[in-house]
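Colleague: This is the structure I have questions about; it appears just below.
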């Protein structure tokens, strides 16, 4: 990133404060401003920048600087000064005098070797410039510098020579909390002169306090919850693997409510005990889950884990990055991006709900965090635990083949039992006209409420209705720059594109035919389901659980807490409710539109539907009370529905695996996609045609396309897709790199490479 003059001054000031003697093996040594370096040799230093550049750039630096790989520097690119990371050092290189010079050396913990190796590997695998990957590692430039400080007032223990009433109030306030002099005076309801007088007489003193103090270490002397025999056996197996060291992958395969979290926390404790600086990373698919998991981590380790996700504040991000890079943050919980942080001694990675599609990032650098976590563990020789009640087919096949250890928890913890599951055939038990809930779902919820229990209606669609249609002319409201329908949100009175975030007020008249008040809402979303539920249960306490109603961690914590306290009778939720939440009094689950995910040409449609509906149904009856789940469907004969009814996961996955193997699809083959985008349709067609003509011919590889993407326009860019299927032995990444290197396209054309695609839109 470009270095501003202010940042440069700050960097130099920090360097001057932290200067150390060269002969003792310092991290770095810097001369005073205006002072020339005295050196005999020059080193050639390769610097990687967090920019979309294909490789590191070479610079010269005096050998006396003692530069090492991983250190942070400032170097020129053209007319700019940019922050980068030393990638290689070639001591006393004859070509060094002809190179540009390193401008400055920055403080901060170096990027560890394991992270640098991981960046190089991921760059080749994902076919992305290594600088794009580095940008995900050095996410907080301010964290390189010492944390800012502020002055607070604290008692010294010496009594003041004269204790007036005002002084007494100041001393009492200072004993409660260390705050600034102005704040102390305000709390004591006195003047600042009184505070100054107490400082002058030695009763109070000024302290410099860091704004980013170190995180407290986990208390490894604490014991976890009492485990069942099955849980103890599973924990013992994984703890033994942790003690054995090196690379190891285990699938923790347990039904919903079996206590997977408590089991992998024992493995985390074992990993933290392995070394004083050992680090453990737990990845969760949703920020909402991060909030829900905090109490369980705190109960086990006596501290709140370090958080890393998009919702944390700038100051918290700076503090987290600095402490992680220094190795002082030992227990980290985060979203997929936390995988790229610079861990100096990572011993264990846990991927909770490893099947969840949220681990696939679809924009920017496209990657699957679960797969990259396994790769990072192999490169760094640490352990990975993949936890799920409904594992991905890829993980399950690896476990069945013996590549991964397969640790099973086949029953729920304690007295809890799996819920009874029933299918509701909507062709037979149809809802009333204009409604979406069948009588069976209404009756099931009513019975739960009469027993003093809670009910959940699941509908994986935000808003009120997915389509707004003009009754007069049939016009469909679309996003102006994307090929997607606008979703009506009745609470806000707006039409929203869930793809791009575009939003507009619902118009009073049709923009096509100008007919007034002619719009009608087509299809249901969670707001429409809530409206219907309120007509049947007018006295019930009803809440919606979606990203619209819980936009941040505080809102999630509040809703989850109220649900646990029985302050909510009926919860209506999207997929966010299916992931790891534990509501003791929830006994009834109604799945409104179970067929939603089966539509379209998605390779994983059946697998995802089974996983999601199973997880939702698993929210019911997680404690002593028996649970019940009703699943509405128009296709009860579908294999996925029959598997849900029988709760026979293994039979369903066996059939899916057989189909994948026959077709040579993942995990028995490889997929990749190339998306060509351009602001003009003709330019997109020409670019896609040019790419197709330059495609290499490789045995064992099939190339399909180009063809218009199902969502052919997004944010004004026209999209054309190629799909590549290859046998397992084919190096797909090398093929993609060779192919993309053959083609020079118009500067307005963007080529996006997706290795192992999850979206086919």
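The values are calculated or read from the model by the stated rules, or taken from the named source; none is laboratory data. Fair warning: this is a prediction, and the values are worked out from it, not measured in the lab. Here Cβ is always computed from backbone atoms with ideal geometry, including for glycine, and neighbour counts include all displayed protein chains.
Colleague: Every residue in region 114-149 that is closer than 26 Å to residue 380 by Cα and in a strand (DSSP E or B), please.
Modeller: none
Colleague: Mind listing just one residue for me: the one in region 384-397 that is in contact with a strand residue (DSSP E or B) (Cβ under 7 Å, 6 or more places away or on another chain) and in a loop (DSSP other than H, G, I, E, B) and, of those, farthest from residue 262 (Cα to Cα)?
Modeller: The residue in question is 391.
Colleague: Among the residues of region 713-747, what is the count of those that are within 19 Å of residue 668 (Cα to Cα) and outside any helix (DSSP H, G or I)?
Modeller: Number satisfying all stated conditions: 9.
Colleague: Restricting region 349-383 to residues that are assigned to a strand (DSSP E or B) and more than 12 Å from the chain's Cα centre (by Cα), which is farthest from residue 574 (Cα to Cα)?
Modeller: The selected residue is 383.
Colleague: It is to be established whether one or more residues within region 6-29 are crowded, with 17+ Cβ neighbours inside 10 Å, in the same structural domain as residue 111 (by TED's automatic domain parsing), modelled with pLDDT under 95 and in a loop (DSSP other than H, G, I, E, B).
Modeller: Taking every residue of region 6-29 in turn, at least one turns out to be crowded, with 17+ Cβ neighbours inside 10 Å, in the same structural domain as residue 111 (by TED's automatic domain parsing), modelled with pLDDT under 95 and in a loop (DSSP other than H, G, I, E, B).
Colleague: Also, I was wondering about something else. Quick one: is residue 175 outside the structural domain of residue 298 (by TED's automatic domain parsing), surrounded by 13 or more Cβ atoms within 10 Å (Cβ to Cβ), farther than 30 Å from residue 346 by Cβ and modelled with pLDDT under 90? Full working, then the answer.
Modeller: Values: outside the structural domain of residue 298 (by TED's automatic domain parsing): yes; surrounded by 13 or more Cβ atoms within 10 Å (Cβ to Cβ): no; farther than 30 Å from residue 346 by Cβ: yes; modelled with pLDDT under 90: yes.
It is false that residue 175 is outside the structural domain of residue 298 (by TED's automatic domain parsing), surrounded by 13 or more Cβ atoms within 10 Å (Cβ to Cβ), farther than 30 Å from residue 346 by Cβ and modelled with pLDDT under 90.
Colleague: Are any of the residues in region 662-679 part of a strand (DSSP E or B) and farther than 21 Å from residue 128 by Cβ?
Modeller: Yes, region 662-679 contains at least one residue that is part of a strand (DSSP E or B) and farther than 21 Å from residue 128 by Cβ.
Colleague: Something else: Please verify whether region 163-186 includes one or more residues that are part of a loop (DSSP other than H, G, I, E, B) and on the phi > 0 side of the Ramachandran plot.
Modeller: no
Colleague: Another one. Scan region 524-553 for residues that are in a helix (DSSP H, G or I) and either within 23 Å of residue 595 (Cβ to Cβ) or touching a helix residue (DSSP H, G or I) at 6+ places or on another chain (Cβ under 8 Å) (or both) and jot them down.
Modeller: Within region 524-553, 526, 527, 528, 529, 530, 531, 532, 533, 536, 553 meet the criteria.
Colleague: Just to be sure I understand, how many residues within region 554-576 are within 11 Å of residue 455 (Cβ to Cβ) and in a loop (DSSP other than H, G, I, E, B)?
Modeller: Here the count works out to 2.
Colleague: Here is a further query. Among the listed residues 111, 82, 152, 89, identify the single one that is part of a loop (DSSP other than H, G, I, E, B) and either in contact (Cβ under 8 Å) with a residue 12 or more places away in the chain or in contact with a strand residue (DSSP E or B) (Cβ under 7 Å, 6 or more places away or on another chain) (or both).
Modeller: Details: 82 fails: part of a loop (DSSP other than H, G, I, E, B); 152 fails: part of a loop (DSSP other than H, G, I, E, B); 89 fails: part of a loop (DSSP other than H, G, I, E, B).
It is 111.
Colleague: Can you go through 111, 89 and tell me which one is touching a helix residue (DSSP H, G or I) at 6+ places or on another chain (Cβ under 7 Å) and at pLDDT 90 or above?
Modeller: 111
Colleague: Those residues that are at positive phi and more than 29 Å from the chain's Cα centre (by Cα), I need them from region 497-532; list them, please.
Modeller: Across region 497-532, the qualifying residues are 514, 517, 523.
Colleague: In addition: Which condition does residue 617 not pass, out of (1) under 26 Å from residue 569 (Cα atoms); (2) in contact with a helix residue (DSSP H, G or I) (Cβ under 7 Å, 6 or more places away or on another chain), if it passes all the others?
Modeller: Here residue 617 clears every test but (2).
Colleague: Condition test on residue 269, is it part of a helix (DSSP H, G or I) and farther than 30 Å from residue 627 by Cα? Outline the logic, then answer.
Modeller: Numbers: part of a helix (DSSP H, G or I): yes; farther than 30 Å from residue 627 by Cα: yes.
Yes: the conditions hold for residue 269.
Colleague: Shifting gears a bit: Please enumerate the residues belonging to region 557-574 that are over 25 Å from residue 626 (Cβ atoms) and touching a residue at least 24 places away in the same chain (Cβ under 8 Å).
Modeller: Result: 557, 574.
Colleague: Is it the case, given these coordinates, that residue 242 is assigned by TED's automatic domain parsing to the domain that holds residue 333, in contact with a strand residue (DSSP E or B) (Cβ under 6 Å, 6 or more places away or on another chain) and in contact (Cβ under 8 Å) with a residue 24 or more places away in the chain?
Modeller: So residue 242 passes the test.
Colleague: Please find, among 606, 597, 627, 664, the residue that is within 30 Å of residue 709 (Cα to Cα) and touching a strand residue (DSSP E or B) at 6+ places or on another chain (Cβ under 8 Å).
Modeller: Only one candidate qualifies: 664.
Colleague: What do you reckon, is residue 474 under 26 Å from residue 595 (Cβ atoms), surrounded by fewer than 15 Cβ atoms within 10 Å (Cβ to Cβ) and free of Cβ contacts under 8 Å to residues at least 60 places away in the same chain? Quick ask: steps written out before the conclusion?
Modeller: Numbers: under 26 Å from residue 595 (Cβ atoms): yes; surrounded by fewer than 15 Cβ atoms within 10 Å (Cβ to Cβ): yes; free of Cβ contacts under 8 Å to residues at least 60 places away in the same chain: yes.
Spelling it out, residue 474 is indeed under 26 Å from residue 595 (Cβ atoms), surrounded by fewer than 15 Cβ atoms within 10 Å (Cβ to Cβ) and free of Cβ contacts under 8 Å to residues at least 60 places away in the same chain.
Colleague: If you don't mind, there's one more thing I want to ask. State whether the residues of region 695-712 include one that is surrounded by 21 or more Cβ atoms within 10 Å (Cβ to Cβ) and assigned to a strand (DSSP E or B).
Modeller: Yes, because at least one residue in region 695-712 is surrounded by 21 or more Cβ atoms within 10 Å (Cβ to Cβ) and assigned to a strand (DSSP E or B).
Colleague: Name every residue in region 297-332 that is at pLDDT 90 or above, over 21 Å from residue 147 (Cβ atoms) and in contact with a helix residue (DSSP H, G or I) (Cβ under 6 Å, 6 or more places away or on another chain), in order of residue number.
Modeller: 300
Colleague: Which one of these does residue 291 not meet: (1) buried (at least 21 other Cβ atoms within 10 Å of the Cβ); (2) farther than 29 Å from residue 605 by Cβ; (3) modelled with pLDDT of 90 or more; (4) within 16 Å of the chain's Cα centre (by Cα)?
Modeller: Against the list (1) buried (at least 21 other Cβ atoms within 10 Å of the Cβ); (2) farther than 29 Å from residue 605 by Cβ; (3) modelled with pLDDT of 90 or more; (4) within 16 Å of the chain's Cα centre (by Cα), residue 291 comes up short only on (3).
Colleague: Residue by residue through region 341-356, note down the ones that are closer than 25 Å to residue 148 by Cβ and buried (at least 24 other Cβ atoms within 10 Å of the Cβ).
Modeller: So in region 341-356, the residues closer than 25 Å to residue 148 by Cβ come out as 341-344.
Those that are closer than 25 Å to residue 148 by Cβ and buried (at least 24 other Cβ atoms within 10 Å of the Cβ): 341, 342, 343.
Colleague: Within the group 203, 185, which residue is surrounded by 15 or more Cβ atoms within 10 Å (Cβ to Cβ), over 30 Å from residue 279 (Cα atoms) and touching a strand residue (DSSP E or B) at 6+ places or on another chain (Cβ under 9 Å)? Reasoning before the result, please.
Modeller: Details: 185 fails: touching a strand residue (DSSP E or B) at 6+ places or on another chain (Cβ under 9 Å).
Of 203, 185, the one residue that is surrounded by 15 or more Cβ atoms within 10 Å (Cβ to Cβ), over 30 Å from residue 279 (Cα atoms) and touching a strand residue (DSSP E or B) at 6+ places or on another chain (Cβ under 9 Å) is 203.
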